[in-house]
Amino acid sequence: MQKYIFKSPSRYIQGNGVIEELGKETEAIGKKPLLLSDEVVWDITKDAIENSFKDSDSDFHFEEFNGEASTKEIDRLVELGKDKEADAVIGVGGGKTLDTAKAVSDALGVPVIIVPTTASTDAPTSALSVIYSDDGVFEDYKFYDKNPDLVLIDTGIVVKAPLHLFASGMSDAMATLVEVRAAMKRNGDTMAGGKTTFAAKAIAEMAEEVLFTHGLAAYQAVKEKLVTPQVDAIVEANTLLSGLGFENGGLAGAHAIHNGFTAVDGEIHDLTHGQKVAYGVLVQLVLERKSGDEIKKYIDFFKAIDMPTTLKDIHLDEKSFDELIEIGELATADGETMENLDPEITPVEIAHAILAVNELSKA
């Protein structure tokens, strides 16, 4: 039996200054939330968050996140949540903080509030986490029965984050329609556990349209820490449209390539999720036999927002061909989303495609 499934968060709030509403919004969800954030993000958001809870019936317990969405860290925070009798979890920060918050809330059986401080990934709205080893190597996807109860993203905070994180979010979002089209073509399964809905396809199409229409103007605005209508449009594309699109539409080659990159050592691991996904998008387009003109459109966009399009950019220029094959082996491992592109793609073909992207970009 084929099932078509669409999932989404219960509530999404976006705007300049909405962090001031966090305390009030939390009241309806939990009275004793466990709040997770890393040291850097907490220094930036502490005053605004504490002020938002001054007149709230809820009172949070802050715990510093150690920086890795690993099983060990999740288990530590679950035990702390039990000790504090937390009735909700709030994650404040980037993708790994938010993925950890979702995992902790699921283990505790309590609601979760997601507060992204960057627009760098499409993770915030989804009912899944990407789990890594303590050393940062991709291990698995962890799926949940429901999406976050609230996603609250303050664009005034987002524009103060490093510029490359905003651009990384655009790269991650640009993968959405590329991968959804592939998943639909093969009638593949989505992260929501069913087949792609027309709603998911429409959302993915809108994500790409917004990116190509407003991306460069938004990038220039964020350079100056400005919140403009174009910035709001891209934050929504990076976070909501891409989040709903990928989860309900399907992942394919771009994210499988991203996961494959963890097979090699070196400076590539200093890159963000979105930076690696950008190169993965181009590799998928090569594997799909897209025209040079179509691939060039994506290369030009990524270059304009300073995302990797060459082997040197992504720190693979000194890797051997055998090491590129290792990337391909991990990208085509059982259960990887490469199956939604073509389960017959080989590691050697992926290695060739990685090299081909470099030549197309330099040309």
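The values are calculated or read from the model by the stated rules, or taken from the named source; none is laboratory data. All of these numbers come straight from a predicted model, not from anything done at the bench. Heads up, the Cβs are rebuilt from the backbone with ideal geometry, glycines too, and the neighbour counts pull from every protein chain shown.
Annotation: of all residues in segment 1-22 being part of a loop (DSSP other than H, G, I, E, B) and touching a Gly at 6+ places or on another chain (Cβ under 7 Å), the one that is farthest from GLU68 (Cα to Cα) is LYS3. Only a single item in (1) within 26 Å of THR228 (Cβ to Cβ); (2) charged (D, E, K, R); (3) part of a loop (DSSP other than H, G, I, E, B) is not met by GLU25, and it is number (3). Just one of the numbered conditions (1) modelled with pLDDT of 95 or more; (2) surrounded by fewer than 24 Cβ atoms within 10 Å (Cβ to Cβ); (3) aromatic (Phe, Trp, Tyr) is not true of PHE166: (2). The criterion of being modelled with pLDDT under 95, at negative phi and not assigned by TED's automatic domain parsing to the domain that holds GLY243 does not hold for VAL89. Within segment 35-57, the set of residues being under 9 Å from LYS24 (Cα atoms) and either modelled with pLDDT under 95 or not in a loop (DSSP other than H, G, I, E, B) (or both) comprises SER52, ASP55, SER56, ASP57. When segment 14-40 is limited to residues that are among the β-branched types (Val, Ile, Thr) and out of contact with any helix residue (DSSP H, G or I) (no Cβ under 7 Å at 6 or more places or on another chain), the one that is nearest to ILE157 (Cα to Cα) turns out to be VAL18.
A search for C-beta distances below 9 Å between a residue of segment 157-184 that is free of Cβ contacts under 8 Å to residues at least 60 places away in the same chain and any residue that is assigned to a helix (DSSP H, G or I) and buried (at least 24 other Cβ atoms within 10 Å of the Cβ), counting only pairs 6+ apart in sequence or on different chains, returns ALA161/VAL222; ARG181/ALA204; ARG181/GLY249. With respect to being buried (at least 20 other Cβ atoms within 10 Å of the Cβ) and not assigned by TED's automatic domain parsing to the domain that holds GLY274, LYS54 falls outside the description.
Evaluating GLY67 against the criteria (1) at pLDDT below 95; (2) on the phi < 0 side of the Ramachandran plot leaves one unmet condition, (2).
Screening ALA88, ALA107, ALA123 for residues that are over 17 Å from the mean Cα position of the chain (by Cα) and within 21 Å of MET191 (Cβ to Cβ) leaves exactly one candidate, ALA107.
Just one of the listed residues (ALA200, ALA237, ALA218) is over 30 Å from ASP145 (Cα atoms) and either crowded, with 20+ Cβ neighbours inside 10 Å or basic (Lys, Arg) (or both), and it is ALA218.
Return yes or no: is GLU267 at pLDDT 95 or above and in contact with a His (Cβ under 6 Å, 6 or more places away or on another chain)? Against the criterion (at pLDDT 95 or above and in contact with a His (Cβ under 6 Å, 6 or more places away or on another chain)), GLU267 qualifies.
From the list LEU108, LEU98, the one residue that fits, being under 19 Å from ASN66 (Cβ atoms), crowded, with 24+ Cβ neighbours inside 10 Å, of a type outside the set (Phe, Trp, Tyr) and out of contact with any Leu (no Cβ under 7 Å at 6 or more places or on another chain), is LEU98.
Condition check ((1) out of contact with any Asp or Glu (no Cβ under 9 Å at 6 or more places or on another chain); (2) in a strand (DSSP E or B); (3) acidic (Asp, Glu); (4) over 25 Å from MET170 (Cα atoms)) across all residues:
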residue	(1), (2), (3), (4)
ILE90	yes, yes, no, no
LEU98	yes, no, no, no
THR121	no, no, no, no
PRO124	yes, no, no, no
ASN147	no, no, no, no
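Scan segment 1-24 for residues that are closer than 26 Å to THR196 by Cα, out of contact with any strand residue (DSSP E or B) (no Cβ under 9 Å at 6 or more places or on another chain) and basic (Lys, Arg) and jot them down. Result: LYS7, single match. Within segment 130-141, not a single residue is in contact with a helix residue (DSSP H, G or I) (Cβ under 8 Å, 6 or more places away or on another chain), surrounded by 19 or more Cβ atoms within 10 Å (Cβ to Cβ) and over 19 Å from GLY260 (Cβ atoms).
Going through GLU73, GLU85, GLU68 one at a time, which residue ends up being within 28 Å of GLN275 (Cα to Cα) and part of a loop (DSSP other than H, G, I, E, B)? So that I can check it myself, show each step before the final result.
Details: GLU73 fails: part of a loop (DSSP other than H, G, I, E, B); GLU85 fails: within 28 Å of GLN275 (Cα to Cα).
Selected residue: GLU68, the only one of GLU73, GLU85, GLU68 that is within 28 Å of GLN275 (Cα to Cα) and part of a loop (DSSP other than H, G, I, E, B).
Among the residues of segment 214-236, are any among the hydroxyl-bearing types (Ser, Thr, Tyr) and either in the same structural domain as GLY95 (by TED's automatic domain parsing) or over 24 Å from MET1 (Cβ atoms) (or both)?
yes
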